[in-house]
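To keep things clear, I will list the structure first and then write my remarks on it.
Just so you know, all these numbers are worked out from the coordinates, no wet-lab data involved. Predicted model only: the values in this text are computed from it and were never measured. A quick note on method: Cβ atoms are made from the backbone with ideal geometry, for glycine too, and the neighbour counts reach across all protein chains shown.
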Ligand SMILES: NC(=O)c1ccc[n+]([C@@H]2O[C@H](COP(=O)([O-])OP(=O)(O)OC[C@H]3O[C@@H](n4cnc5c(N)ncnc54)[C@H](O)[C@@H]3O)[C@@H](O)[C@H]2O)c1
């Protein structure tokens, strides 16, 4: 039995990670610690509510006593930290919570893991334990038209979000370099797929397109992102957790660079075909003022994870985007409950009396 303490699994990627792991392995336990911020939606995990392998804990990664208690109670083999404030626009209007959760929360997890796993007298770590930090390619800053981010590209974050993630990465590295803590850091490119909160580009555009609402595109829309289907990311994290060399950073991406405007036009084209709706067309596009400090291009070099762990993306963008659109169209109620805020009452109803 392998026990995972995984944080932030009511969010987009964490939700897929839990589903992925439970469908793949029988002999595991996942303790899921999530504060249920606006981005956390417990309804995403409704289908595994009665699965004894998944234990939901409502709480904050910054809470020292709570995390220490979970370490003592469950003695996890691995900690995987997905929990974060993750939206760049929100970090521009209010950076403090990004420092609290992304930096202080990470340091608390590291500290509690060290307290539980480290024998200071012997300077040894309990065998088989590891901490995995889920980071982002945004910590590397922006690229020009040529070249890719490798694991040795210097960190050069531009937004408060990426600065907080880079800071957290430095703390993870420091715990490895100072105390010898077994850690990995993964830095993935932009994810897309089901269960993504509709403030992010792809679900926002799908939802607005369906409702004939304007499609706001920052600046000229020529910003390039390297898009990866969320299940491919989750498979990579599983591999890094089980087989990554301690102390290593792994970049995760699939050489799938697309401009934002290409993504928007693809969604329009797919949606107009699927819904046979002539009102869905490019006249919905509105170019709006660009985001402050907007990075122009991200591009990941994934050679290391491919060579070391044999990982490569299994889902081509052309298939992944269709799967994604189909999911949002088939799950209209999910979208309605998220946009109306109703999903936030689910926890109260489900857990209030437990
Ligand atoms: N979405 C992407 O494209 C992408 C790409 C690369 C890396 N990442 C990283 O992956 C991780 C997950 O991203 P996501 O898109 O799923 O994010 P998300 O915003 O959808 O979900 C974040 C989750 O963390 C929880 N959370 C927030 N603050 C918390 C706290 N203080 N304590 C406990 N839980 C808390 C939220 O309730 C939510 O469930 C993040 O660390 C992000 O930086 C995301």
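The angle between the Cα long axis of helix 106-117 and the main principal axis of the chain comes to about 30°, on a 0 to 90 degree scale. With contacts taken as Cα pairs under 8 Å at a separation of at least 6 residues, the range 24-115 carries a relative contact order of 30 percent. Under the criterion of Cα pairs below 8 Å and six or more residues apart, the relative contact order for the chain equals 18 percent.
Computed over the range 213-289, the Cα gyration tensor eigenvalues convert (square root of 5λ each) into semi-axes of 35, 16, 8 Å, ordered from largest to smallest. To the nearest ten degrees, helix 317-330 and the longest principal axis of the Cα atoms of the chain are 80 degrees apart. Take each peptide in 4-16, 205-217, count the other Cβ atoms within 10 Å of every residue, and average; sorted highest first, the result is 4-16, 205-217. Cβ-Cβ distance of residue 348 and residue 327, R₀ of 25 Å, FRET efficiency by 1/(1 + (r/R0)^6): the value works out to about 0.40. Reported value for the range 220-260: 67 Å³ per residue, from the convex hull of its C-alpha atoms.
With a cut-off of 14 Å on the backbone N, the residues of the range 215-247 near the modelled label site 7 Å out from residue 289 along Cα-Cβ are 218-219.
Within the range 176-324, DSSP assigns beta bridges of which about 20% are antiparallel (rounded to the nearest 5). The ratio of the alpha-carbon radius of gyration of the range 206-339 to the globular-protein estimate 2.2 N^0.38 Å is 1.23.
Under the definition of Cα pairs under 8 Å and six or more residues apart, what whole-number percent is the relative contact order of the range 135-207? RCO, the range 135-207: 32 percent.
Based on Cα atoms of the range 294-345, Rg over Rh with Rh as the Kirkwood radius reads 1.19. The value given for the range 131-175 is a Kirkwood hydrodynamic radius of 11.0 Å, derived from the mean inverse Cα-Cα separation. Using alpha carbon coordinates only, what is the Rg to Rh ratio of the range 86-194, with Rh defined as the Kirkwood radius? Here the Rg-to-Rh quotient is 1.02. Among 151-158, 129-136, 33-40, the peptide with the highest mean count of other Cβ atoms within 10 Å heads the list, and the full ranking is 129-136, 33-40, 151-158. Taking only alpha carbon atoms, the range 1-156 gives an Rg to Rh ratio of 1.00, where Rh is the Kirkwood radius. Enclosing the Cα atoms of the range 177-239 in their convex hull gives a volume equal to 138 cubic angstrom per residue.
Once the chain from residue 49 to residue 152 is taken as fully extended at 0.36 nm per residue, the excess over their C-alpha distance is 33.0 nm. Give me the percent of Cα-Cα pairs in the chain that sit more than 39 Å apart, rounded to a whole number. In whole percent, the share of Cα-Cα pairs in the chain beyond 39 Å is 12. GNM remark for the chain: springs join alpha carbons under 10 Å apart, and the peak mean-square fluctuation among 292, 329, 239 falls on 292.
Seen against the Cα atoms of the chain and their longest principal axis, helix 201-210 is set at about 40 degrees.
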